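Report on the structure given below.
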C-alpha cells in the first residue's frame with residue numbers, strides 16, 4: 001500500500017503515517033530498497049489492523065468542538081501527544097485493548113475523529129528522558145481546569161514551589177505538571193474564588209473577610225501583570241468556618257470604609273500639624 005493510501009485510510013498526514021510505521025506498528029519498505037516506485041510502501045494488513053482496532057468499538061457520534069473531559073485524537077496529537085512517541089503509544093494501546101474510545105466526531109477524518117477521556121490520553125504524553133507517571137502530566141491550562149482557577153494562579157503556585165514544574169517536564173513550549181501533584185493539592189485546598197462562586201458571594205469581599213477574620217489562608221502572589229494575590233483555603237477549614245451572608249459582607253465593607261476614612265483624616269491632620277508646627281484646634285460652630 002502506498003503511503004498516500006495509508007494516509008487516507010487512517011486520516012493521518014504522510015509524515016505521521018511514516019512515524020507510526022517507524023515505531024513498529026506498520027511493516028514497511030522503501031521503494032529504492034526493493035525495486036518499488038519511489039517512496040514508502042506499507043503493509044496493507046497492518047494498516048487495516050489499526051483501522052479495525054478503532055472501528056470495532058461501536059461508539060456513538062457526539063457533538064464536539066474543543067477538548068474538555070473528552071478530546072479528539074486529532075487535538076491530542078496536536079496538543080501534546082506528538083506523532084513520534086505519544087500517537088504510536090495510543091494506537092498500540094487501542095490495538096492491545098488497553099484503551100478504548102468513548103465517541104466519534106465527523107469533524108476529523110479516520111482514526112483522528114475518535115474521542116477519548118482526556119485524563120486517559122494524558123497518560124501517553126511523552127516527556128523526553130522522564131518516565132511518565134501512571135497519572136500522566138497536565139499542562140497549566142489543564143491544571144487550572146482541575147482547580148477551577150485561571151492559568152495565572154497555576155503559574156503563581158509553581159513560582160511559590162507549591163506545585164512542581166521541573167525544567168525537564170516540558171513538551172514543546174508547554175510546561176507540564178505531574179497530574180498526581182495537582183490532584184493532591186486539589187484534595188487539600190480550594191480557591192476562595194471558587195468557594196465564593198458556589199456561595200454566590202463577591203470573591204474579593206469574601207477573601208478580604210477571611211483574611212481580616214484571621215482564617216489561615218495560603219496566599220499566592222501573582223506576578224502576572226501585577227494582579228495581586230490568589231487565596232486558597234484548606235478544605236477541612238472550609239467545612240468549619242462560619243460562612244458570611246451577603247449582608248455581613250456589606251456591613252464588614254462599610255465598617256472598613258469608615259475606619260479607612262478616619263485613618264486618612266488622622267494622617268492628614270498629623271501632616272498639617274507637622275507643616276504648621278502646632279496642633280490644629282477644632283473650631284466649634286455655634287448654632288443659633
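For the stretch 108-122, give me the residue count where each residue is under 14 Å from residue 68 (Cβ atoms) and out of contact with any helix residue (DSSP H, G or I) (no Cβ under 6 Å at 6 or more places or on another chain).
7
So, in the stretch 1-23, exactly how many residues are at pLDDT 85 or above, more than 14 Å from residue 88 (Cβ to Cβ) and not in a helix (DSSP H, G or I)?
Of the residues in that region, 2 qualify.
Taking the stated definitions as given, is residue 267 surrounded by fewer than 16 Cβ atoms within 10 Å (Cβ to Cβ), closer than 30 Å to residue 158 by Cβ and at pLDDT below 85?
No; evaluated as a whole, the condition is false for this residue.
Being surrounded by 13 or more Cβ atoms within 10 Å (Cβ to Cβ), within 15 Å of residue 112 (Cα to Cα), at pLDDT 85 or above and assigned by TED's automatic domain parsing to the domain that holds residue 115, is that true of even one residue in the stretch 24-42?
no
With within 20 Å of the chain's Cα centre (by Cα) and more than 25 Å from residue 180 (Cα to Cα) as the only criterion, which of 65, 118 stands out?
65
Conditions (1) part of a helix (DSSP H, G or I); (2) under 23 Å from the mean Cα position of the chain (by Cα); (3) closer than 16 Å to residue 48 by Cα; (4) in the same structural domain as residue 12 (by TED's automatic domain parsing), marked per residue:
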| position | (1), (2), (3), (4) |
| --- | --- |
| 77 | yes, yes, no, yes |
| 80 | yes, yes, no, yes |
| 83 | yes, yes, no, yes |
| 87 | yes, yes, no, yes |
| 91 | yes, no, yes, yes |
| 95 | yes, no, yes, yes |
| 107 | no, no, no, yes |
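Run down 75, 41, 104 and say which single residue is within 25 Å of residue 138 (Cα to Cα), touching a strand residue (DSSP E or B) at 6+ places or on another chain (Cβ under 6 Å) and without any contact (Cβ under 8 Å) to a residue 60 or more places away in the chain.
Among 75, 41, 104, only 104 is within 25 Å of residue 138 (Cα to Cα), touching a strand residue (DSSP E or B) at 6+ places or on another chain (Cβ under 6 Å) and without any contact (Cβ under 8 Å) to a residue 60 or more places away in the chain.
Looking at (1) at pLDDT 90 or above; (2) in a helix (DSSP H, G or I); (3) within 20 Å of residue 235 (Cβ to Cβ); (4) touching a strand residue (DSSP E or B) at 6+ places or on another chain (Cβ under 8 Å), which is the only condition residue 182 fails?
Every condition holds for residue 182 apart from (1).
Any residue at all in the stretch 201-209 that is at pLDDT 85 or above, in contact with a strand residue (DSSP E or B) (Cβ under 7 Å, 6 or more places away or on another chain), more than 20 Å from residue 152 (Cβ to Cβ) and in a helix (DSSP H, G or I)?
No, there is no match, as no residue in the stretch 201-209 is at pLDDT 85 or above, in contact with a strand residue (DSSP E or B) (Cβ under 7 Å, 6 or more places away or on another chain), more than 20 Å from residue 152 (Cβ to Cβ) and in a helix (DSSP H, G or I).
Considering the stretch 210-246 alone, what residues qualify as being out of contact with any strand residue (DSSP E or B) (no Cβ under 8 Å at 6 or more places or on another chain), more than 21 Å from residue 144 (Cβ to Cβ) and part of a helix (DSSP H, G or I)?
212, 236, 237, 246
Output the residue which, of all residues in the stretch 109-124 that are farther than 30 Å from residue 193 by Cα and either in a helix (DSSP H, G or I) or not assigned by TED's automatic domain parsing to the domain that holds residue 52 (or both), is modelled with the lowest pLDDT.
Result: 124.
Looking only at the stretch 140-171, count every residue that is part of a loop (DSSP other than H, G, I, E, B) and at pLDDT 85 or above and tell me the total.
7
The values are calculated or read from the model by the stated rules, or taken from the named source; none is laboratory data. Fair warning: this is a prediction, and the values are worked out from it, not measured in the lab. Because the Cβ atoms are built from the backbone with ideal geometry, glycine has one as well, and the counts that use them run over all protein chains shown.
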